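As structure tokens, the structure follows; a few thoughts come after it.
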Amino acid sequence: MTITSLRHPFGIFLWLMVALVMVYILAPLAVIVASSFGTTGYVAFPPQGFTLRWYEQALANPRYVNGFLTSLRIAAIVTVVSSAIGIAAAYALVRYEFPGSRLIESLFISPLVLPGLVLAVALTIFFSRNPIATGTDRLILAHLTICVPCVLRVVIPVLQRFDRSIEEAAQNLGASPVKAFFLVTLPVIRPGIFAAAALAFVMSFDEVEMSVFLASPREQPLTVALYSAVQLAFDPTLAAVSSILIMITFAIMVVHQVVSRIRSAR
Amino acid sequence: MGGALEPRDRRGLILPKWLPPALLLLPAALVFGGLFVWPQLGLFATSVASPPPIGFATYQRFLGDSFYVAVLVRTLSLGACVTLVCLICGFPLAFFLARLESRWVPFLIMIVSFPLWVSAVVRSFAWMVLLLRNGLVSIWLRDAGLAPAGFQLMYSFAGIVIALAQVLLPLMVITLYAVIKGIDRDLENAAMNLGASPGRAVCLVTLRLARGGIFAGSLLVFSLSISAFATPSLVGGATAQLMAVAIYEQTLEINDWPFAATISAILLAIALSVALVYGRLIDGRNVPVR
Amino acid sequence: MNAEVELRTVSKAYGDAYAVDRVSLEVARGELVALLGPSGCGKTTTLRMVAGFVEPTGGAILLRGQDVTRVPPHRRDTGMVFQSYALFPHLTVAENIAFGLKRRGVARTEIRSRVATMIGLMRLSGLEQRLPRQLSGGQQQRVAVGRALVINPAVILLDEPFSNLDAQLRESTREELRRLQQELRLTAMFVTHDQAEAMAIADRIAVMNKGRIEQIDTPAAVYHHPRTRFVAGFIGRANIFDAEVIARDPAGVAARGPAGITFVLPQGDHPGRIAVVLRPEAIRLAAGTDAHGPNTVAGVVDVVAFYGATAQLGVKLADGSRLLVEGSGDLPQRFAPGSAVVASWAASALVASAA
Ligand SMILES: Nc1ncnc2c1ncn2[C@@H]1O[C@H](COP(=O)(O)OP(=O)(O)OP(=O)(O)O)[C@@H](O)[C@H]1O
Ligand SMILES: [Mg+2]
């Protein structure tokens, strides 16, 4: 009789709580997806009828389509740049032991523990005083401040776990250090790098505060377009856009799970 | 230094030993220094520059104005309420996941953490739909006689707590899951074997041993909820009397940057001190390892 | 019916794999039964079903005659000593021992005196206020035993209680536990994969293999009369031969084994194919090359191991298999490697078990 069994009152209490909390966590997202297919002109739950009209409208709305493309572009650039910067720094921090490397590591990661809102305000003031970048570039730079630490945090443990003798063996067999890195180290730590890149991408794509504060009005990322639209009116195309995002995220997550299952099964 | 990029280029030219790591670290250092440290210092400088060159007028204004003191208190109590809800909902779920013997556990954890991957705007929008006057939750509350006609949770403190707690719950669950997983389940079995009912066994043993982790998770959720922006400003409306909303207002609508910087600095100070305690807890021996 | 613990065809399946398969077992009052078997054979699962942590998928468990199969652990009267000890790390030694008494609502003064008695019995005096992590492995083990004993359970369940102790401490602790168990007339079930430990401590041994009990008997009976080939091989050292029964008469049963050996066994009800078990210490050696008649075989000594008082020889037989022989310490002097020997044994030393 395990502690999670339903044979005693505590087990029943536990299952009940778990069911309620799971509903609490998941229901809002489910409600949005469900109501995006409803025929009523306002967002309603339970939805009535079935229609794809709101999806049509959402996909015909340049604000959302452009927002999506802008977000995609920003996230892609941020992912590539922050991965490169992060991997280089992680490599330096793990492989070259020098006094203070631990301190530098925790300093570089520290932007993650600060409120995004405060970072956004600081960067707003900063960019208005130092116009080193304009338009969307400001947002890209801003996202780097949180995505680089994020890559660092994922890649450093991966590099630490990596068995260095493999790399040394490659050099022993005649590969130059740079070649050894690209031929041996990189392929081995690739899953970790993918994870870091995916995390950076999602972080940038989903980020709200900096986007609201720094995005150029002519090129609004999707989160900003949604943020302002949500405040104005409850139109069902919003539910459609949200559902698309939810379903894309879900699909990525499932694919990731399946891929890692297959990889670990091999 | 064998495995690392060696301090020598192809032509055999000897480079100083510190050069390769320095070059590798340079871009990250630029990002950290130029886009993080410098702007933060600028923010702080802005907050203590009225009247110029050095003055604390904005701090006096914030702490002297009962409206802003109320905003601060509301923000802190929002943090406390959200943390409490997350604890009450999060512990049973985390305990369940940590003790369930099933190959479905990874899948369940994935499902629980799924909302973390969805943008805060989308999650807040979902709650707005449920909390508005004609939203499901508000209708239920009215039908159950728990709320008067015309009542809606939208734009209310309770509404913000409900929405924000849902947003942060996965973090609490994941933190507590790791802590409980580290507590030998045979300790609960031993307690039951000695005559404690399952509920008592959990209270007397698991809860006691997870105390450090519970505290750490609470600090994390607290610090995130007092500084959250999207959910409070959407569910609470643009006039919600919270620090985050006030900062937004002062920065983008009123353009009073010294005051915005001041509110940010105060928020930052609170979040940072909480984060420091949290860091100590995670590193230190306060989190039981067993 | 004075069985304190009774298992009736108890099974536990995980999916379609049986961790425990129709195990039946009775433990009488004051008896210590050891569950012995290789890793993964279901010993721990069996013990945990008695304690109530694992729910059987079939069969029934009785404690003092009461069916407790569906009773949760905290309402069963068992005292478990966990392999990891599972001492509460946030409670002192005294609090750990008092834990079960408190849950039973025993009066405070009585708790104090019973804890004090147990601390004396377990030789933990002076350590009452220590936390478990401030104790040595042996002390922790005694706290775990004391915590289980103080509530006077119907049965005390021990899951490899000595496995975390070093070899010397293991032996003394084992003897101490045996003494305690006999003095207090404790009913106990004891899990181990160490056959010497089981032989030394148990009144009866249940030998388990792949979720089933292959034989349950006194240590001597399990050793001298193994009922299956597995039991013979698992308990002590044994020479085991596949043999075919070729003749039966009132004097005995003749069976043909490998390397031209003819076994003559005492009369018994044997099937056509049997496994003949011959303990190494029952074999006598003589110099020579000719083996005549039943229960003898010729071979060449090829390995010698000297243990002081005893010694073991490996004798290579004609078919390449090896016969293990154990004898007194002078064996290596008498038979150097390479010498031709004839091995012989008494019919009464042979045991036939299921093939
Ligand atoms: N929770 C479980 N889920 C699936 N299979 C299990 C579970 N617990 C045990 N088993 C399986 O049941 C079998 C018996 O396990 P058990 O722990 O009882 O073995 P054991 O005899 O105590 O072994 P050991 O000497 O190694 O402790 C093993 O094959 C094990 O893999
Ligand atoms: Mg075991």
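The values are calculated or read from the model by the stated rules, or taken from the named source; none is laboratory data. Note that the structure is predicted; figures quoted are calculated from it, not measured. Backbone-built Cβ (ideal geometry, glycine too); neighbour counts: all protein chains shown. Side chains included, ligands, DNA and RNA excluded: accessible areas come from the protein's heavy atoms. Shrake-Rupley method; radii C 1.70, N 1.55, O 1.52, S 1.80 Å.
Things to note:
- Matching entry among C:Ala167, C:Ala116, C:Ala154, C:Ala94 (being over 23 Å from B:Val205 (Cβ atoms), of a type in the set (Gly, Ala, Ser) and either over 32 Å from the mean Cα position of the chain (by Cα) or modelled with pLDDT of 95 or more (or both)): C:Ala116
- Of C:Gln139, C:Gln129, all but one fail to be in contact with a Ser or Thr (Cβ under 6 Å, 6 or more places away or on another chain) and farther than 18 Å from B:Asn193 by Cα; the exception is C:Gln129.
- Among the residues of the range C:177-190, the one identified as away from chain B (no Cβ under 14 Å) and within 16 Å of ligand 1 (Cβ to nearest atom) is C:Phe190.
- Test result for A:Val94, more than 10 Å from chain B (Cβ to nearest Cβ) and either part of a helix (DSSP H, G or I) or at pLDDT below 90 (or both): no
- Enumeration of residues in the range C:1-20 that are away from ligand 1 (no atom under 12 Å from the Cβ) and in contact with a strand residue (DSSP E or B) (Cβ under 7 Å, 6 or more places away or on another chain): C:Asn2, C:Ala3, C:Glu4, C:Val5, C:Glu6, C:Leu7, C:Arg8, C:Thr9, C:Val10
- Residue match in the range C:53-65 (condition: within 13 Å of ligand 2 (Cβ to nearest atom) and either over 28 Å from C:Arg185 (Cβ atoms) or not acidic (Asp, Glu) (or both)): yes
- Those strands (runs of 3 or more DSSP E) lying entirely in the range C:21-86 with at least 2 residues surrounded by fewer than 22 Cβ atoms within 10 Å (Cβ to Cβ) and away from ligand 1 (no atom under 15 Å from the Cβ): C:58-63
- Residues (within 14 Å of chain B (Cβ to nearest Cβ), more than 15 Å from the chain's Cα centre (by Cα) and either within 10 Å of ligand 2 (Cβ to nearest atom) or of a type outside the set (A, V, I, L, M) (or both)) located in the range C:19-51: C:Thr45, C:Arg48
- Test: residue in the range B:102-112 that is touching a residue at least 24 places away in the same chain (Cβ under 8 Å), farther than 21 Å from B:Ser77 by Cβ, within 12 Å of chain A (Cβ to nearest Cβ) and of a type in the set (Lys, Arg): no
- Output for the range B:189-224, where each listed residue is within 10 Å of chain A (Cβ to nearest Cβ) and either in contact (Cβ under 8 Å) with a residue 24 or more places away in the chain or touching a strand residue (DSSP E or B) at 6+ places or on another chain (Cβ under 7 Å) (or both): B:Val202, B:Thr206, B:Leu220, B:Ser223, B:Leu224
- Unmet requirement for C:Ala221, which otherwise passes all of (1) out of contact with any Ser or Thr (no Cβ under 8 Å at 6 or more places or on another chain); (2) open to solvent by 40 Å² or more (accessible area, probe 1.4 Å): (2)
- On inspection, A:Ala169 passes the criterion of being assigned to a helix (DSSP H, G or I), open to solvent by 20 Å² or more (accessible area, probe 1.4 Å) and of a type in the set (Gly, Ala, Ser).
- Scan of the range C:1-18 for residues that are open to solvent by less than 20 Å² (accessible area, probe 1.4 Å) and either within 16 Å of ligand 2 (Cβ to nearest atom) or acidic (Asp, Glu) (or both), ordered by number: C:Glu4
- Only one entry in A:Ile104, A:Ile77 is more than 9 Å from every other protein chain (Cβ to nearest Cβ), among the β-branched types (Val, Ile, Thr) and open to solvent by 30 Å² or more (accessible area, probe 1.4 Å), namely A:Ile77.
- For the condition within 16 Å of ligand 2 (Cβ to nearest atom) and crowded, with 19+ Cβ neighbours inside 10 Å, C:Phe190 qualifies.
- Residue in the range C:88-108 that is under 16 Å from C:Asp159 (Cα atoms), away from ligand 2 (no atom under 16 Å from the Cβ), open to solvent by less than 20 Å² (accessible area, probe 1.4 Å) and within 14 Å of another protein chain (Cβ to nearest Cβ) present: no
- All positions within the range C:294-321 that are loosely packed, with under 14 Cβ neighbours inside 10 Å and either touching a Phe, Trp or Tyr at 6+ places or on another chain (Cβ under 6 Å) or of a type in the set (D, E, K, R) (or both): C:Asp302, C:Asp319
- Residues in the range B:11-28 that are of a type outside the set (Val, Ile, Thr) and not in a helix (DSSP H, G or I): B:Arg11, B:Gly12, B:Leu13, B:Leu15, B:Pro16, B:Lys17, B:Trp18.
- Segments classed as helices (runs of 4 or more DSSP H), wholly inside the range B:92-151, with at least 3 members that are over 26 Å from the mean Cα position of the chain (by Cα): B:136-143
- Residue within the range C:271-281 that is modelled with pLDDT of 85 or more and open to solvent by 50 Å² or more (accessible area, probe 1.4 Å) present: yes
- Taken across the range B:77-86, residues that are within 16 Å of ligand 1 (Cβ to nearest atom), more than 7 Å from every other protein chain (Cβ to nearest Cβ) and in contact (Cβ under 8 Å) with a residue 60 or more places away in the chain do not occur at all.
- Filtering the range B:24-74 to residues that are within 18 Å of A:Glu105 (Cα to Cα), more than 8 Å from chain A (Cβ to nearest Cβ) and either among the acidic types (Asp, Glu) or over 28 Å from the mean Cα position of the chain (by Cα) (or both) leaves only B:Leu26.
- Filtering C:Arg147, C:Arg174 for residues that are open to solvent by less than 30 Å² (accessible area, probe 1.4 Å), assigned to a helix (DSSP H, G or I) and more than 16 Å from ligand 1 (Cβ to nearest atom) leaves a single hit, C:Arg147.
- The residue that is most open to solvent (accessible area, probe 1.4 Å), among those in the range C:150-162 that are away from ligand 2 (no atom under 16 Å from the Cβ) and part of a loop (DSSP other than H, G, I, E, B), is C:Asn152.
- Single unsatisfied condition, C:Asn209 versus (1) open to solvent by less than 40 Å² (accessible area, probe 1.4 Å); (2) within 16 Å of ligand 2 (Cβ to nearest atom); (3) in contact with a strand residue (DSSP E or B) (Cβ under 7 Å, 6 or more places away or on another chain): (3)
- When residues in the range B:29-81 are screened for being surrounded by fewer than 17 Cβ atoms within 10 Å (Cβ to Cβ) and not in a helix (DSSP H, G or I), 7 of them pass.
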